[in-house]
Each structure stands twice: as structure tokens, then as C-alpha cells.
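The values are calculated or read from the model by the stated rules, or taken from the named source; none is laboratory data. The structure presented is a predicted model; accordingly, all values stated were derived computationally and were not measured. Positions of Cβ are generated from backbone atoms using ideal geometry, with glycine treated the same way; all protein chains shown enter the neighbour counts. Please note that ligands, DNA and RNA were not included when accessible areas were found on the heavy atoms of the full protein model with its side chains. Shrake-Rupley method; radii C 1.70, N 1.55, O 1.52, S 1.80 Å.
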Amino acid sequence: MENNNPIGLFDSGIGGTSIWKEIHEVLPHEDTIYLADSKNAPYGQKSKEEIIALSIKNTEYLLNQNCKIIVVACNTATTNAIRELRAKYDVPFIGIEPAIKPAAVNSKKNIIGILATQGTLNSELFHQTVEKFQETKIIEQIGTGLVRLIENGEMNSEEMDALLQQYLQPMIHANIDYLVLGCSHYPYLIPQIKKILPKNIKIIDSGQAVALQTKNILSEKVGLNFQKDKGKSVFYTNSNPKVLTEILEHKYQVIFKDF
């Protein structure tokens, strides 16, 4: 089944590009449109109602660009708004949730850590997931300030290092053997996180699972792009495009647009 319309993705900012990279690797011939709603980042400190309203705004913009599937490349938006989005629109939605299941299933110590936004950790969907793994001790940590620093291009700053030390040391002392990154921004912090964590602690995020699920849904229900060339990728941001351009290594077109 062929469908040459683009894949749409949105996030509260640049973090969802970590998801886009995984999708682009698995589906290199698909055209993609990415929305970085950086003007409203971070979503994790907003109310559920605000997150739903922003998610609807982003979805409508992508649907107006004829996107055939929407990837909610934001943990906070997924856990707070995807149910409402699926009820409102006919297009398939792919969500991104913290990878609690693989961490809990593979943990030898039955102790895992999760670093996520307040909006994700407080959501009903997150609590429903956690309840399925009651035999696993889950150390939750809100990553206050991390998204703001990433959005400002301060990933390697002293402030970032101090925050990561503050958030990760209690998990190390709790003897976790898996750290779940519960925000699509956080994979960009893996180099700094690895410097802090002991080597026996594995880091896990949702990117590859989201990419494979996107491929499955396109193959089974929506249709794939069978062009032989690499897909075109366009990135929109409603804030300073500098950081998004840098994180994409100046390889792709970044358009400033107040969507």
C-alpha cells in the first residue's frame, strides 16, 4: 500500500528530534514535517488543559500539511493528551511513553529510576503503567530545568552538570540498574549522564520502539512512501531557530514560523 503524504511530528521543542532521528533511520524514504513548539516549552509544567490545547494546535497544523500519521514526539503531550487527540481525529497517532516495561522486565535488582517531567510523572497514563510493575521499585525524579537548558543550547553548562548530579545521585544510592529517560529531550544528555552513572547502570529511552511502531502502523494501515530517493525533512520552530539548526548539524532546512 502506497501513501506519499508526509509523517508529522511535534514536540514542546527540539527534544523530539531524538525521535525523528530514529524514525528517519528506520524509514529513510518517508517525507517528514517536524514542529518544535519551543515558544511554549516546557510542557511539563503546564496544566493538562493547556497541554491538550497545545497538542490540538500542533495536530491541526500538521493535518493542514496533509500528514498521514502524527507522532506525538513528547512524553508529556502523549501522557496528557493522546487520548483526546485520538478521539477527535481520524488520523493514526503514535505516542511516546517512558520505557518502564523493558526496564522493569530486564532489571536484575527490581529497582529502576525514571527521569521525566512533572507533567509525565503526574499523568494518569504514567500511573497506570507503573501499577503494572508493582514488584519493581521505581525511583521517580522530576527533571526540573533540564528542558529549559537544552532549549537554550546549554547542554554542556555547569548548571546542567549540577542538576544532573542532584537528580542522579539519589538513584545511584538507591542501587538502580536501569535509568529510564522519560522525556524526548533527555537522550541529548546521555554523554553527560554516562559520566555520572556507574557503568553497570543501563540507560534506556523510547526512540527505537516509537520508530518501529510507526513503521508497523504505516505498513498495516496507512501506506508507505515507495520513492527511491531519501525523504525530504522540513523543521518548523516558533522560537529562535539557532539551537534546532545546531542539533540537526546544519543538515536540514529550519523554518521560523509562528504556528
If you take every residue apart from ASN4 with its C-beta less than 15 Å away from the C-beta of ASN4, what net charge results, scoring Lys and Arg +1 and Asp and Glu -1? 0
Treat every Asp and Glu Cβ in the stretch 1-113 as -1 and every Lys and Arg Cβ as +1, leave all other atoms uncharged, and give the resulting dipole magnitude about the Cα centre to the nearest 20 debye. 540
In the stretch 160-259, which GluC sites (Glu not before Pro) fall in coil by DSSP and have 10 or fewer other Cβ atoms within 10 Å? GLU249
Which whole-number value in Å² is the accessible area per residue of the stretch 1-110, probe 1.4 Å? 38
Restricting attention to the alpha-carbon atoms of the stretch 1-53, what are Rg (one decimal) and Dmax (integer), both in Å? 13.4, 41
For the stretch 67-188, what is the largest minus smallest coordinate of the Cα atoms on each principal axis, given in angstrom and ordered from greatest to least? 46, 39, 20
Give the span of the stretch 113-163's Cα atoms along each principal axis, as three whole-Å numbers ordered largest to smallest. 37, 19, 10
Over the chain: helical MRE at 222 nm, DSSP H runs n ≥ 4 each giving -39500 (n - 2.57), nearest 500: -12000 deg cm²/dmol
Cα-based count: Lys pairs in the stretch 1-85 below 23 Å, eight or more positions apart or different chains? 7
Taking just the alpha carbons, could you work out the radius of gyration and Dmax for the chain, both in angstroms? 17.7, 52
Quick one: Debye curve from the alpha-carbon atoms of the stretch 1-141 only, equal weights, vacuum; give me log10 I(q)/I(0) at q = 0.17 Å⁻¹ to two decimals. -0.94
Which of PRO191, PRO42, PRO92 fluctuates most in a GNM of the chain (C-alpha springs under 10 Å)? That residue is PRO191
Long-range alpha-carbon pairs in the stretch 139-202, meaning those over 14 Å apart, account in percent for 53
Leaving ligands, DNA and RNA out of it, report the carbon-plus-sulfur percent of the accessible area of the stretch 113-246 at a 1.4 Å probe. 48
If the cut-off is 18 Å between C-alpha atoms, which aspartates and glutamates fall inside it for LYS242, apart from same-chain ones fewer than 8 positions away? ASP11, ASP37, GLU151, GLU154, ASP258
Give the separation of the Cα centroids, the stretch 214-241 to the stretch 111-143, in Å. 30
If ligands, DNA and RNA are left out, what is the accessible area of CYS74 with a 1.4 Å probe, given in Å² to the nearest 10? 10
What do you get when you divide the Cα radius of gyration of the stretch 152-259 by 2.2 N^0.38 Å, with N the number of residues? 1.39
Å² of accessible area per residue within the stretch 150-197, as computed with a 1.4 Å probe and no ligands counted: 43
